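Asker: The structure under discussion is supplied below as structure tokens; questions concerning it will follow.
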Amino acid sequence: MDVGSNMLRTTKSSSFALSWTFGVALILAGVSTPASAAVISARSGTAADIQAAVNLAKTGDTVAIPAGTFHFTGQVFAPDGIYIKGAGRDRTYLIKSDNLSEWHGMFTIDAKTGQPFKFSGITLEGRLDALQGTNRTTVVTTVRDQGLVIYGAAKNLQIFNSRFTRFLRAGIELRGDVGSVPGEQSGVIYDNEFIDNWYIYLGYGVAIDGSPKSWHQKVTLGSSNAVFVEDNYFDRNRHCVTSGNGANFVARYNTVVNNYQDAGAFDAHGLSPNWPRGTRSVEIYRNTVNNSIKRWAGVSIRGGSGVVWGNSWRGVTHGVDLVVEPPPPTHPLSTYPALDQIGNRDALFIWDNVSSGDDVYKRPTPDPHGIDYWLRENRDYWLAAKPGYVPFTYPHPLRTGTP
């Protein structure tokens, strides 16, 4: 059944009406969908053609983007509950060709249905080269673009087998405090490539801006109640993963080369002027960092709690950098504990990491109390395994059977 000139919608219930050619194409492509689901083929990889296909999609449907290199101007807005699928990250290239800045991602997803969102098989490329040229030391532009932005309480999302490259702000950013249904996020981001995402004080492969609501919940380390970033490849990102605003994230089994600028490969903000709350919890383990130029740290923890264990940090000054975040004026540092600092509600446990620099470094603070007042071993952080801690199932169960 033709729908205009931009896409083709097919369902199992109408399979007998399919043309022979399209039916064979589906078989060869290995498309398998629920009985009520549909595959909607965008005519091209332009924002307008993808948006037209998304507008036809219902929960459970797949929006298929063809192979090719497409200049991408504008934005695509979509709900969760659908699957946006390219022909492969080395076959479907969407190249940003406008100067829309932060919070105007190439794809913006509103998590309003509560159903899983899936995204795979696509390269999204930002404007870093066009806007900054070869300059990677100072800001030349005020544009801070983003690839995939997800608003609200996304549940069981899956983002995989894609590439996010040359974005000034972030390849992927999740923000749980806005959208139709704000709240905590969960799911898995895996088998992706994040290459050359950079900007002064920004520049993230994955940014997880959680929900302040998580500070009203008990931390559940070792559970599925987090955004998992696993088995990805990071090259020349300022922070490979960063977090704040009540985020709960797990970064595991990732490979990092040439972490860009003098920053930490993995980062967790405490309370800062940028967000209402700090990071709630992290689990950072079994990651490998290899820098050809020495960088600041393997991981910088500025707030929250969790575990950092079993990582290899090569080409770093510090393995684990512990920080008291300079807070906003509304919450000045006064007496221990500071709001959302490491050890305020739950402790941080650090063990079995291998570092080319020191193992743990407490960054000095300008506060007159000094860093030892705010961060104390065996109170706020422990250089030992967390008692009773068991990591969540690996690989993440959502990956099972993913086409």
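Asker: Name, by its number, the condition in (1) within 14 Å of Y260 (Cβ to Cβ); (2) open to solvent by less than 10 Å² (accessible area, probe 1.4 Å) that does not hold for V149.
Answerer: (1)
Asker: While we're looking at this one, here's another question. Only one residue in T113, T123, T108 is crowded, with 20+ Cβ neighbours inside 10 Å, within 22 Å of the chain's Cα centre (by Cα) and among the polar types (S, T, N, Q). Which one?
Answerer: Working: T113 fails: crowded, with 20+ Cβ neighbours inside 10 Å; T108 fails: crowded, with 20+ Cβ neighbours inside 10 Å.
Only one candidate passes the filter, namely T123.
Asker: Taking segment 355-393, which residues are in a strand (DSSP E or B), touching a strand residue (DSSP E or B) at 6+ places or on another chain (Cβ under 8 Å) and open to solvent by 70 Å² or more (accessible area, probe 1.4 Å)? Write out each step before concluding.
Answerer: Residues of segment 355-393 in a strand (DSSP E or B): 355, 358-362, 377, 381-382.
Filter again for touching a strand residue (DSSP E or B) at 6+ places or on another chain (Cβ under 8 Å), leaving 355, 358-362, 381-382.
Scanning segment 355-393 gives D359, W382.
Asker: Tell me, which strands (runs of 3 or more DSSP E) lie completely within segment 221-260 with 2 or more residues that are in contact (Cβ under 8 Å) with a residue 60 or more places away in the chain and within 19 Å of Y389 (Cβ to Cβ)?
Answerer: Values: elements: 227-230, 233-237, 239-244, 248-252, 255-257.
Qualifying strands (runs of 3 or more DSSP E): 227-230, 248-252.
Asker: Give all pairs with beta carbons closer than 6 Å in which a residue from segment 55-71 that is under 11 Å from S41 (Cα atoms) and of a type in the set (V, I, T) meets a residue that is at pLDDT 95 or above and part of a strand (DSSP E or B); count only pairs at least 6 apart in sequence or on separate chains.
Answerer: If the second residue must be at pLDDT 95 or above and part of a strand (DSSP E or B), the pairs left are T62/V39; T62/Y83; T62/K85; V63/I40; V63/I84; I65/A42; I65/T92.
Asker: Do we have A130 as free of Cβ contacts under 8 Å to residues at least 40 places away in the same chain, open to solvent by less than 10 Å² (accessible area, probe 1.4 Å) and of a type in the set (G, A, S) here?
Answerer: Working: free of Cβ contacts under 8 Å to residues at least 40 places away in the same chain: yes; open to solvent by less than 10 Å² (accessible area, probe 1.4 Å): no; of a type in the set (G, A, S): yes.
The answer is no for A130.
Asker: Residue check: is D209 touching a residue at least 60 places away in the same chain (Cβ under 8 Å), open to solvent by less than 40 Å² (accessible area, probe 1.4 Å), in contact with a Lys or Arg (Cβ under 7 Å, 6 or more places away or on another chain) and within 12 Å of G152 (Cα to Cα)? Spell out the reasoning first.
Answerer: Numbers: touching a residue at least 60 places away in the same chain (Cβ under 8 Å): yes; open to solvent by less than 40 Å² (accessible area, probe 1.4 Å): yes; in contact with a Lys or Arg (Cβ under 7 Å, 6 or more places away or on another chain): yes; within 12 Å of G152 (Cα to Cα): yes.
Taking the combined requirement at face value, the residue satisfies it.
Asker: Okay, moving on. Can you find, within segment 229-262, the residue that is farthest from D346 (Cα to Cα) among those that are buried (at least 24 other Cβ atoms within 10 Å of the Cβ) and aromatic (F, W, Y)?
Answerer: Within segment 229-262, the match that is farthest from D346 (Cα to Cα) is F234.
Asker: For segment 75-85, name all the residues that are closer than 19 Å to R163 by Cα and touching a helix residue (DSSP H, G or I) at 6+ places or on another chain (Cβ under 8 Å). Explain how you work it out, then say what you get.
Answerer: In the first step, residues of segment 75-85 are kept if they are closer than 19 Å to R163 by Cα; the result is 75-76, 83-85.
Result: Q75, V76, I84.
Asker: Just one of (1) among the polar types (S, T, N, Q); (2) without any contact (Cβ under 8 Å) to a residue 60 or more places away in the chain; (3) more than 16 Å from D177 (Cα to Cα) trips up S281, so point out which.
Answerer: (2)
Asker: Give me a count of the residues in segment 185-206 that are closer than 19 Å to G114 by Cβ and either surrounded by fewer than 23 Cβ atoms within 10 Å (Cβ to Cβ) or of a type in the set (G, A, S) (or both).
Answerer: So the count comes out to 2.
Asker: For segment 87-105, which positions are small (G, A, S) and either open to solvent by less than 10 Å² (accessible area, probe 1.4 Å) or under 17 Å from R175 (Cα atoms) (or both)? So that I can check it myself, show each step before the final result.
Answerer: Step one: filter segment 87-105 for residues small (G, A, S), giving 87-88, 97, 101, 105.
Result: S101, G105.
Asker: Considering only segment 279-289, I want to know if a residue exists there that is at pLDDT 95 or above, more than 23 Å from E184 (Cβ to Cβ) and open to solvent by 10 Å² or more (accessible area, probe 1.4 Å).
Answerer: yes
Asker: Quickly run through segment 304-341 and pick out the residues that are aromatic (F, W, Y), assigned to a strand (DSSP E or B) and out of contact with any Asp or Glu (no Cβ under 7 Å at 6 or more places or on another chain). Let's see the steps before the verdict.
Answerer: Applying the first criterion (aromatic (F, W, Y)) to segment 304-341 yields 309, 313, 336.
Checking which are assigned to a strand (DSSP E or B) leaves us with 309, 313.
Scanning segment 304-341 gives a single hit, W313.
Asker: Going residue by residue through segment 10-30, is there one that turns out to be modelled with pLDDT of 55 or more and within 24 Å of R163 (Cα to Cα)? Explain how you work it out, then say what you get.
Answerer: Of segment 10-30, the ones modelled with pLDDT of 55 or more are none.
Among the residues of segment 10-30, not one is modelled with pLDDT of 55 or more and within 24 Å of R163 (Cα to Cα), which makes the answer no.
Asker: Sticking with this one: Out of curiosity, is Y260 among the aromatic types (F, W, Y), over 18 Å from V360 (Cβ atoms) and at pLDDT 95 or above?
Answerer: Working: among the aromatic types (F, W, Y): yes; over 18 Å from V360 (Cβ atoms): yes; at pLDDT 95 or above: no.
It is false that Y260 is among the aromatic types (F, W, Y), over 18 Å from V360 (Cβ atoms) and at pLDDT 95 or above.
Asker: Can you pull out the residues in segment 59-72 that are loosely packed, with under 15 Cβ neighbours inside 10 Å and not in a strand (DSSP E or B)? Spell out how you get there, then give the answer.
Answerer: Within segment 59-72, the subset loosely packed, with under 15 Cβ neighbours inside 10 Å is 59, 67-69, 71.
If the condition is that a residue be loosely packed, with under 15 Cβ neighbours inside 10 Å and not in a strand (DSSP E or B), then T59, A67 are the ones that fit.
Asker: Still on this structure, I have one more. I need the full set of residues from segment 96-141 which are of a type in the set (V, I, T), over 17 Å from F77 (Cα atoms) and assigned to a strand (DSSP E or B), in order please. Steps first, answer last, please.
Answerer: First, pick out the residues of segment 96-141 that are of a type in the set (V, I, T): 108-109, 113, 122-123, 134, 137-141.
This time we only want the ones that are over 17 Å from F77 (Cα atoms), so: 123, 134, 137-141.
Answer for segment 96-141, where residues must be of a type in the set (V, I, T), over 17 Å from F77 (Cα atoms) and assigned to a strand (DSSP E or B): just T123.
Asker: Among the candidates R399, R376, R363, R345, which residue alone is basic (K, R) and at pLDDT below 95? Before you say what the answer is, go through the steps one by one.
Answerer: Working: R399 fails: at pLDDT below 95; R376 fails: at pLDDT below 95; R363 fails: at pLDDT below 95.
The match here is R345.
The values are calculated or read from the model by the stated rules, or taken from the named source; none is laboratory data. Model, not experiment: these values are computed from the prediction. Note: ideal-geometry Cβ built from the backbone for every residue, glycine included; neighbour counts use all protein chains shown. Accessible surface areas use protein heavy atoms only, side chains included; no ligands, DNA or RNA. Shrake-Rupley method; radii C 1.70, N 1.55, O 1.52, S 1.80 Å.
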